[in-house]
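Report on one structure; see the data block that follows.
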Amino acid sequence: MPAAPTPRPGAASPDARRPSADPWRVDLRELGRRAGSLHELERSIPAPADWRVELIGVPEGAPIDLRLRLESVMEGVLVSGEVDAPVTGSCARCLEPIEETLELDVQELFAYEGSTTEATSEEDEVRRVEGDHLDLQPMVRDLVVLSLPLAPTCTEDCSGLCADCGQRLDELPADHAHEVTDPRWAGLAQRFGVGPGAPQADRPTPAPGTPGPDNPEEN
């Protein structure tokens, strides 16, 4: 078997010619710049950290599923398709855990360097093709995070928690209630046995002839 050829001094190694291992970066050399060229892309990429708002977000490492169509147009590359992202969090009303999947549509133009779109747009108004690559991560992150609710709920009609006992109202009977005593009179109410928690032994005995539950007034 002939020996493998020795690389020429200064020649780039095969590894150096490979595209970046970053799964969010897309090599556009196969797509080319001829208007109308199409390329379909399907990837499942682990989510980075911090894709969240206060009560809900994408767990780090959870799979972000991309089903995208890349189309070469005069001004750049038009990216359209669907993004699925699993999210977890807590209900803003009752604090129950939430697990669901966001199913989002996306359509965004990545402008070529030197194009009219790039020249007439502010830095943060349009995404840009970087040489022969485009980076999908900022686009997908903005799409997902801006779709997260600031006050997520486990159900649309979640009733929240009882303000007195902290239990979920949806799991309590319809007539659930707590006796409320004006705190200014709470001491007297407990002393005379007319408030919650008053000991039965402290309840005063009605005088003979006094109307009451055990001694109704006679006609």
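Taking the criterion of being of a type in the set (G, A, S) and more than 24 Å from the chain's Cα centre (by Cα), the residues of segment 18-53 that qualify are S20, A21, G32, A35, G36, S37. Taking every residue in segment 149-170 that is in contact (Cβ under 8 Å) with a residue 12 or more places away in the chain and pairing it with any residue that is surrounded by fewer than 11 Cβ atoms within 10 Å (Cβ to Cβ), at least 6 positions away or on another chain, the pairs with Cβ-Cβ distances below 6 Å are D164/H178. It is to be established whether one or more residues within segment 13-22 are in a strand (DSSP E or B) and either surrounded by fewer than 17 Cβ atoms within 10 Å (Cβ to Cβ) or in contact with a helix residue (DSSP H, G or I) (Cβ under 7 Å, 6 or more places away or on another chain) (or both). The answer is no, given that none of the residues of segment 13-22 is in a strand (DSSP E or B) and either surrounded by fewer than 17 Cβ atoms within 10 Å (Cβ to Cβ) or in contact with a helix residue (DSSP H, G or I) (Cβ under 7 Å, 6 or more places away or on another chain) (or both).
Rule-based calculations on the coordinates, nothing more; no lab input. Values in this document were obtained by computation on a predicted structure and should not be read as measured data. No Cβ is skipped: glycine too gets one built from the backbone with ideal geometry, and neighbour counts run over all protein chains shown.
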